[in-house]
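Heads up: the structure comes next, in structure tokens.
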Amino acid sequence: GLRDNEYPYKKPPGTFRILILGDSFVEGFQVPLRETVAKVLERELTEGCRNVEVINAGFAGVGTDYELLFFRREGFRNNRVGW
């Protein structure tokens, strides 16, 4: 249930991934998906024909404790972010 496109856990070869954690500001529910911080950043980073995926994991009303738990459970699952 992220406010973003669906991404497989396995990162495509040659792709750099960024996972953005945060609250309602990151989630950006009040704006179209293409205008969220994650998608604007993704467009800026891919202008030079780089393969970059910026995943929006923002969730309104949560704090850093939830963000850490999400990262441990989902964000780093099967090396999703490619570290």
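Quick one: if you stick a label point 7 Å off each Cα along the C-beta vector at residue 33 and residue 15, how many nm between them?
For residue 33 paired with residue 15, the spin-label model returns 1.4 nm.
When the accessible area of the chain is split by element with a 1.4 Å probe, what percent falls to carbon and sulfur?
Of the solvent-accessible surface of the chain, carbon and sulfur hold 58 percent.
Leaving out ligands and nucleic acids, note down the accessible area per residue over the chain with a 1.4 angstrom probe, in whole Å².
With all protein chains present, the chain gives 67 Å² per residue.
Once the whole set of protein chains is in place, how much accessible area is left on residue 40, using a 1.4 Å probe, in Å² to the nearest 10?
50 Å²
Please work out whether the chain counts as rounded, prolate or oblate from its C-alpha gyration tensor, where a ≥ b ≥ c are the square roots of the eigenvalues and a/c under 1.5 means rounded, while otherwise a/b larger than b/c means prolate and anything else oblate?
oblate
I'd like the chymotrypsin sites (Phe, Trp or Tyr not before Pro) in the range 1-51 restricted to DSSP loop residues with at most 16 other Cβ atoms within 10 Å, sorted by number.
Sparse-neighbourhood loop chymotrypsin sites (Phe, Trp or Tyr not before Pro): 9, 29.
The values are calculated or read from the model by the stated rules, or taken from the named source; none is laboratory data. Since the model is a prediction, treat every value here as computed from it, not as a measurement. All Cβ positions, glycine included, derive from the backbone under ideal geometry; neighbour counts span all protein chains shown. Heads up: the accessible areas ignore ligands, DNA and RNA and are worked out on the full protein's heavy atoms, side chains in. Shrake-Rupley method; radii C 1.70, N 1.55, O 1.52, S 1.80 Å.
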